[in-house]
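Read the structure below first, then the notes.
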Amino acid sequence: MCGIVGAIAQRNIVKILIEGLRRLEYRGYDSSGLAVINDKKNLIRFREIGQVHILAKEVEKHNIVSNVGIAHTRWATHGKPSKKNAHPHISEYIAVVHNGIIENYQELREQLKKQQYIFNSETDTEVIAHLIHSEFKEGYTLIEVVKLIIPKLKGAYGIVIMDRRTPDLLVAVRYGSPLIIGLGIGENFLASDQLALLHVTHHFIYLNEGDIAEITCKKVNIVDKQGINVERKPIKVDIQYNFDNKGIYNHYMQKEIHEQPLAIKNTLHGRFDQNNNVIFTELDKKAQNILSKVEHIQIIACGTSYNAGMVARYWFESLAIISCDVEIASEYRYRKPIRRKNSLLLTICQSGETADTLAALRLSKNLNYLASLAICNVLGSSLIRESDFSLMTKAGIEISVASTKAFTTQLTVLLLLVAYLIRLQNKNILFERNIVKALYNLPFHIENIFLQEKNIKSLAKDFSSINNVLFIGRGDQFPIAVEGALKLKEISYIHAEAYPAGELKHGPLALVDTNMPVIIIAPNNKLLEKLKSNIEEIHTRGGLIYIFTDKNAGFINSKNMKIIVLPNIEEFTAPIFYIVPLQLLSYYIALIKGTNIDQPRNLAKSVTVE
Ligand code: F6R
């Protein structure tokens, strides 16, 4: 979603802001802008549509020297992508950047118009700038005015405010959208994502919900939502990431697909004891005690993380014999969910900042779950901080908007958790032993998929002028069909739908004709014979069949059928394995179609608004 960067220092901060924006580019954006107060105490603003380098070029022409500034990459919510809607928004001496949505902005806009404020944009953000301006009275400080306007704003937001008249100060507010403070020596920074500041600091303070921070070069003052001065402990973050390095790959997505064996190895590392029993050092005695009592698991997630949860449901129920429900966070948060007895809330989230998942977690606090457990890829994220316990995926930074290695490492942690629960609750230890064995072998099996990459690339040509694709699977491969369809939609813009194979004759079979490709995930498992009958139904109707399978499944090539034979894989890890060829297929189809693979249109990484 939108990205925020702010800086206050004794050196020129213009390049720091631009580099920060460049580091946020991967999250998707449509325009960017910055405002600084220069050495002559003028408030100067630049805004451009498109990529950050366009803004950088424009700013460079003006040779600006400034010690304080705010900057923004925008992902349009209110008002189309345009220069006038790009942030920062200004009301005379006040400049504001904003991440999130002000729900009552129309009402505020009307009130401000009556006070003769003129609006230059269609955004909800401009009301914040004018509202602050309108509240200033003789002797008021910026922080006092900000405190006055907060109760008037409805919605979720992270904002940073700069006042031309007090260039030694930035004020930040966190209400529903992430904001962090980067600490330097004699300089301080703000951002919506720590990655934006890794070029200047590795020391961060994560603001809590409702915090207001006053930041100068030398000091950070924070008041919490009760208005009480608070100390928030800085955390050192040891992430190193070279943003310019795709290595031998053309896209981050391609790189991240290939990083999966290593990401899975990293996720497994340190999670077995000398007897090969699963251990989670993150879970203390209290957590273990709670987990030993769990009789039901409620999974909440969005998008790809939700698909990981759908796979996990099959595993929890069939292997650990623990009942499990999975729900999309944006639905869960607006129903009246009934908590089952001895139930654990399990959230799955790559970024740890997805607005709907966080809202569902907050809602669950009133529902008396035994505990909340988060599976997440970003240390220090809101989800981790607000959950009772958490388990980290070790995917490393995922840059591509389309999630790949986050998904397979989420599944890895989920399967580890299944094995852990089996032992903790004295369930079928043979399953646990076999899960551990299968997980050990998994990175090696995925390496072998890459030996088939050329074949998958050439298969992609069949889809170059196709508009619709069906994906089908059965059992724990059905969610893999869903995830395969999601990958194809988001990066190639081809309409793709996934169905449980047994569901075809209840409707979707009507779509099958000689122009409809159907991608089938068909490993040799106990549902294979049933799946073969479904394939026959498609075949007799002339559908174009693509089967991803293994040597033992016994498929024989026939007309309108292509068979992609992959290495054999243990049943437990088969869902993690089979998504990889589908990721590759989507990647190569998108490559042929010439879409923006790493930043697909209309999408953003980390959905911090509702
Ligand atoms: C799809 C994708 C999205 C995310 C979804 C949830 O490739 O990346 O569907 O999975 O926005 O994101 P997190 O996991 O950060 O909650």
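The values are calculated or read from the model by the stated rules, or taken from the named source; none is laboratory data. Every value quoted in this text rests on a predicted model; they were computed, and no experiment measured them. Cβ: placed from backbone, ideal geometry, glycine included. Neighbour counts: every protein chain shown. The area values use the complete protein model at the heavy-atom level, side chains included, leaving out ligands, DNA and RNA. Shrake-Rupley method; radii C 1.70, N 1.55, O 1.52, S 1.80 Å.
Put a plus charge on the Cβ of each Lys and Arg, a minus charge on the Cβ of each Asp and Glu, and nothing anywhere else: the dipole of the chain about its Cα centre is then about 60 debye. Translational diffusion of the chain was estimated from the Stokes-Einstein equation, with Rh taken as the Kirkwood radius over Cα pairs; at 20 °C and 1.002 mPa s the coefficient is 84 µm²/s. Taking the longest Cα principal axis of the chain as reference, the axis of helix 355-364 is set at about 80 degrees.
For helix 429-449, what angle does its Cα long axis make with the longest principal axis of the chain, in degrees from 0 to 90 and rounded to 10? Helix 429-449 and the main axis of the chain meet at about 80 degrees. Working note: Cα gyration tensor of the stretch 170-271, eigenvalues times five, square-rooted, sorted largest first, giving semi-axes of 33, 16, 13 Å.
How do the peptides 392-401, 371-380 rank, highest first, by the average count of neighbouring beta carbon atoms within 10 Å per residue?
371-380, 392-401
Residue by residue, the stretch 149-157 carries 3J(HN,Hα) couplings of 8, 4, x, 8, 9, 10, x, 10, 7 Hz when phi is fed to the Karplus relation 6.51 cos²θ - 1.76 cosθ + 1.60 (θ = phi - 60°); x denotes Gly or Pro.
Cα-Cα over 29 Å: which of 40/61; 57/457; 83/114; 293/336; 341/427?
Working: 40/61 18 Å; 57/457 37 Å; 83/114 26 Å; 293/336 24 Å; 341/427 19 Å.
In this structure, 57/457 lie more than 29 Å apart at Cα.
If you take the Cα centroid of the stretch 9-85 and the Cα centroid of the stretch 552-610, the two points sit 37 Å apart. With θ taken as phi - 60° and the Karplus curve 6.51 cos²θ - 1.76 cosθ + 1.60 applied, the whole-hertz 3J(HN,Hα) list for the stretch 158-168 is x, 10, 10, 10, 10, 10, 3, 7, 10, x, 9 Hz, x standing for glycine and proline. Of interest is the spacing of the C-alpha centroids, which for the stretch 335-384 and the stretch 122-164 amounts to 31 Å. For the peptides 119-130, 59-70, 91-102, the ranking by packing is 91-102, 119-130, 59-70, with the highest mean count of neighbouring Cβ atoms within 10 Å listed first. Surface composition of the chain: carbon and sulfur make up 50 percent of the accessible area, probe 1.4 Å.
Working from Cα positions, state the angle (0 to 90°, nearest 10) between the long axis of helix 478-492 and the longest principal axis of the chain. Helix 478-492 and the main axis of the chain meet at about 50 degrees.
Applying the Karplus relation 6.51 cos²θ - 1.76 cosθ + 1.60 with θ = phi - 60° to the stretch 452-459 yields 3J(HN,Hα) values of 9, 4, 4, 5, 5, 4, 6, 4 Hz, where x marks Gly and Pro. With contacts taken as Cα pairs under 8 Å and at least 6 residues apart, the stretch 51-176 reaches a relative contact order of 28 percent. Largest accessible area first, the residues 269, 78 order themselves as 269, 78 under a 1.4 Å probe with ligands, DNA and RNA left out. What the chain shows is 40 Å² of accessible area per residue, with the surface traced by a 1.4 Å probe over protein heavy atoms. Annotation: peptides 292-300, 14-22, ranked by per-residue average of other Cβ atoms within 10 Å with the highest first, follow the order 14-22, 292-300.
Restricting to DSSP H runs of at least four residues, report the calculated mean residue ellipticity at 222 nm for the chain, -39500 (n - 2.57) per run over all residues, nearest 500 deg cm²/dmol. Please report the intermediate quantities before stating the final value.
On the way: 18 runs with 206 residues, N = 610.
Computed mean residue ellipticity for the chain: -10500 deg cm²/dmol.
Above 20 Å lies some portion of the pair distances; for the stretch 1-123, what is it as a whole percent of all C-alpha pairs? Taking all Cα-Cα pairs of the stretch 1-123, the fraction more than 20 Å apart is 41 percent.
Among DSSP beta bridges whose residues both lie in the chain, state the antiparallel percentage, nearest 5. Can you show the working numbers first?
On the way: 62 of 105 bridges.
Of the beta bridges lying entirely in the chain, close to 60 percent run antiparallel.
Annotated for the stretch 459-610: lysine pairs at least 8 residues apart or interchain, Cα distance under 24 Å, count 29.
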